[in-house]
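Here the structure is laid out as structure tokens; the discussion comes afterwards.
The values are calculated or read from the model by the stated rules, or taken from the named source; none is laboratory data. Just so it is clear, the model here is predicted, and its values are computed rather than measured. Ideal geometry is used to build each Cβ from the backbone, glycine not excepted, and the neighbour counts take in all protein chains shown. These area figures cover heavy atoms from the full protein model, side chains too; ligands, DNA and RNA do not enter into them. Shrake-Rupley method; radii C 1.70, N 1.55, O 1.52, S 1.80 Å.
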Amino acid sequence: QGESWDFGLDWAASDTLNLASTWFDNDFRDLVDFDAETFRNVNRNSVQTSGIELQADWRPLSLLSLRSQATYTDIDVRNEDTVLTGRPQWTASMVALWQITEDWDTALDYRYSGQQWAASRHTGASVTEELDHYHRLDWVLRWQLAQAWQLQLSVDNVLDENYETAVGFSAPRREVRVGVTFSND
């Protein structure tokens, strides 16, 4: 059960730039959450979240576009000595798309996640700790070889960022992938 409101503004600043922002506030009662200590789902009596989302879409050239967003979320579990896990206070991203030629395109995808609490029992004991923030940059280059064939080169975690998305488990380091897609539409 809950009550929510949001207020958003969207502004087409020019033919190539669109800006948007949304303020939000949510009050939840009996929010279902996972309790790592007891290893079961529990109801949190009262949880309030509030924050702001910002977005910008910019197309400086007909073949180049940039999209960015940032979100700040304040989470308050009222009258309980606990935190909600897996919910960073700050997140942000930026994606750049470039249509190099009719057959070639590329994309850079940057993501930021702020510090967040996480829980685990991988050692047998219940562990709750705050995971560090991280930055991740992925890149892809695609070539439309023929109408039905596409080749793709991807580099995940280009900057080889060392981070965890779960307690005790490192995210994959830099990884290079090559792909071939056949589509018979």
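List of remarks:
- When S113, S50 are compared by accessible area at a 1.4 angstrom probe, the order from most to least is S50, S113.
- Computed over the chain, relative contact order equals 12 percent, with contacts defined as Cα pairs under 8 Å that lie 6+ residues apart.
- Summing charges over all other residues whose Cβ lies under 14 Å from the Cβ of N43, with Lys and Arg as +1 and Asp and Glu as -1, gives 0.
- Charge sum, other residues only, whose C-beta stays under 12 Å from S14's C-beta, Lys/Arg counted +1 and Asp/Glu -1: -1
- Sorting L159, L9 by solvent-accessible area of protein heavy atoms yields L159, L9, largest first, with a 1.4 Å probe.
- Accessible surface, region 124-185, averaged per residue in Å² (probe 1.4 Å): 66 Å²
- Solvent accessible area, Å² - W98, 1.4 Å probe, full protein context: 120 Å²
- Exposure check, 1.4 Å probe, all protein chains in place: W90 carries approximately 120 Å² of accessible surface.
- Value of D in µm² per second that Stokes-Einstein yields for the chain, Kirkwood Rh from Cα pairs, at 20 °C (1.002 mPa s): 109 µm²/s
- Charge context of L64, other residues only, Cβ under 13 angstrom, K/R +1, D/E -1: 0
- Of the residues G51, T71, S113, the one whose Cα sits farthest toward the positive end of the charge dipole of the chain, with +1 on the Cβ of Lys and Arg and -1 on the Cβ of Asp and Glu, is S113.
- For region 30-115, carbon and sulfur atoms together expose 52% of the accessible surface, with a 1.4 angstrom probe and every protein chain in place.
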